[in-house]
Amino acid sequence: MAYNVLLFADPGIDDSFAIMYALLNPKINVVGIVSGYGNTPKEQSVRNTAYLIDLGGREDIPIIAGTAGPLSGEPVQFYPEIHGPEGLGPIKPPDTLQNVEVHDFNKILEIVEQYKNNLIIVNVGRLTEIALMFILYGNNALKDVIAFYIMGGAFLVPGNITAEAEANFYSDPIAARSVMEKAHNVYLYPLNVTNKAIITPEMIGFLSENSPTPFRPLLQPAFDYYFKAYQKNVPGIKGAPMHDVVPLMAITNPEIFRYVPRRVKVEEFGDAKGKSIADFRPKPEAQPPKTLDYIGMEADIQKFVENFMEVFLQGELEKK
Ligand code: BDR
Ligand code: CA
């Protein structure tokens, strides 16, 4: 049996690895990909998703155009120095958009209805689209989703955009706060876990020789660009963190992760904008159980690497 996943991603290099991973993992059935602004502008993000879907021969997967900016209306900052001018490192994706239909936002509701009580939402980009679902369709709009697996935040470690804040939460902190408040059954993968999900150049070298998948030619150039950016920002780092692969792997390989249940809040304004907050005191303030989120605190990185390699080496791209 495969898990039905509606993926929200802003490719982006680690997002692209996440999309490829999701398409290749036999236990994941991708039922739609929502792509909006984030690492790159919305149009680019949609184009990159279309390219990956086309490469994988999975044009049956609906692509949904997400948002162009945060709820605050503030100008957006993109990150070409990390993800490349078009979001795929040095790769200039061919225009494969003409092969696929790009759906409007209301397609999300249709998918949620279609997979009622049998759908997991995975969000590895800004939280704007999910927050907008609650604004457009009400706080119960996503009640039939089983769980939300989200990459965002940073607990007890520094941020990656400011000293306090991680990129997905920082870029739309109003949305992040609202989603943490309104979504249920949230599994969160913050930097304190995803920073350790390191894939090395040697591993990618091996995959780019041996992966039987149609994604093989992309792996090395995309990774190299991303790794170089990380080497600049984190001197001595041995590889690059695949942040966005983590929540997907957590669905199919739950034994790899350990969680602490706490209520998560997000700072919306000021110097600590985008900071994720939870009560980690030995005796935290009691919270109603329904408001607790499962915060990823530890991961077995050796198992993470093994599963990553296994999935990219098997090349299963059929509809599950
Ligand atoms: C997150 O921000 C983005 O740059 C990455 O794709 C990831 O989703 C890491 O902070
Ligand atoms: Ca991302």
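Give me the percent of DSSP beta bridges within region 3-312 that run antiparallel, rounded to the nearest 5. Among the beta bridges of region 3-312, antiparallel pairing accounts for roughly 30 percent. Over all Cα atoms in region 1-158, the spread is summed up by Rg and Dmax: 15.0, 45 Å.
What residues have an amide H closer than 5 Å to that of GLY69, excluding those fewer than 5 places away on the same chain, when H is modeled at 1.01 Å from N in the peptide plane? Here TYR37 satisfy the definition. The distance linking region 265-320 with region 212-245 is 21 Å (Cα centroid to Cα centroid, whole angstrom).
The mean sequence separation of alpha-carbon pairs under 8 Å and at least six residues apart, normalised by the residue count of the chain, gives a relative contact order of 22 percent.
Classified by the C-alpha gyration tensor, the chain has a rounded form. Its axis ratio a/c, with a ≥ b ≥ c, is below 1.5.
Separation of region 133-202 and region 55-97, taken as the distance between their Cα centroids, equals 19 angstrom. Summing Lys, Arg as +1 and Asp, Glu as -1, what charge do residues with Cβ under 10 Å from the Cβ of ALA240 carry, ALA240 excluded? That works out to 0. Result for the chain in a Gaussian network model with C-alpha springs under 10 Å: among ASN192, ASN48, ASN253, the largest mean-square fluctuation is at ASN253.
The calculated FRET efficiency for the pair ASN117 and PHE269, based on their C-beta separation and a Förster distance of 35 Å, comes to about 0.40.
In this rough spin-label picture, where each label sits 7 Å from Cα along the Cβ direction, the SER72-ALA2 distance is 3.9 nm.
Can you pull out the GluC sites (Glu not before Pro) in region 259-310 whose DSSP state is coil and whose Cβ has at most 11 other Cβ atoms within 10 Å?
Values: sites: GLU267, GLU268, GLU285, GLU298, GLU306, GLU310; in loops: GLU267, GLU268, GLU285.
Here the sparse-neighbourhood loop sites are GLU285.
Mean residue ellipticity, 222 nm, helices only, the chain: the sum of -39500 (n - 2.57) across DSSP H runs of n ≥ 4, divided by residue count and rounded to 500, is -10500 deg cm²/dmol.
The lysine pair count for region 133-240, using Cα distances under 18 Å and pairs eight or more places apart or on different chains, is 5.
Bear in mind these aren't lab numbers, they're just calculated from the coordinates by the rules spelled out. All values reported here derive from a predicted model rather than from experimental measurement. Backbone-built Cβ (ideal geometry, glycine too); neighbour counts: all protein chains shown.
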